[in-house]
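Have a look at the structure below, then the notes.
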Number of protein chains: 2
Amino acid sequence: MSLFSFFKRNTSAPVARERLQVLLAHERTIVGGGESDLVAILREEIMAVIAKHMSVPQDNVQIKMDRGASVSTLEVDIEIPTDIAAGMRPAA
Amino acid sequence: MSLFSFFKRNTSAPVARERLQVLLAHERTIVGGGESDLVAILREEIMAVIAKHMSVPQDNVQIKMDRGASVSTLEVDIEIPTDIAAGMRPAA
């Protein structure tokens, strides 16, 4: 089963859309390992990397972070407006 | 269903382990949109961000890239050696 099964929404008409999704999972089972902020640290820097390549309105960016006892996750979901996407096309 | 269900391996004894996983999916359905190398571009820069925070032997890093007609994905799976992980603990 593909991990990105939520991409398979059966939209009837082919809709122009562009979307970037980033999932980060940090599993840490170390006795006395203490908490690690790795996901929070990486989040800022990964967002900065993405922002270098496209400027997307803040409303189009959804970020979810979840901190569990042994697994912390980060989900970033970016709906790229198609006019911006068109601008990103590689040089012809 | 949690997208990181493969984390749920029922190891009998609590094993010290630390693992970082990054999944990137770029969906692009734009008529005449042409191919985009966004996933390949982001891959290098995201790996550079991670390398800034931990130096992991190359053998511990698995990278899978898949380029589909409308969805390209990148999976990075890093097994962090626990001695390195211990060094990453936040200052007490």
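The values are calculated or read from the model by the stated rules, or taken from the named source; none is laboratory data. The structure displayed is predicted, hence computed values, not measured ones. All Cβ positions, even for glycine, are placed from backbone atoms using ideal geometry, and neighbour counts span all protein chains on display. Surface areas here come from the heavy atoms of the whole protein model, side chains and all, with no ligands, DNA or RNA. Shrake-Rupley method; radii C 1.70, N 1.55, O 1.52, S 1.80 Å.
Structure above, values below:
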quantity	calculated
Some residue of the range B:4-13 being closer than 24 Å to A:Ala40 by Cα, open to solvent by 30 Å² or more (accessible area, probe 1.4 Å), among the charged types (D, E, K, R) and at pLDDT 65 or above	no
Any pair with Cβ under 6 angstrom, 6 or more apart, that starts in the range B:47-62 at a residue that is within 14 Å of chain A (Cβ to nearest Cβ) and ends at one that is open to solvent by 60 Å² or more (accessible area, probe 1.4 Å) and charged (D, E, K, R)	B:Asn60/B:Glu79
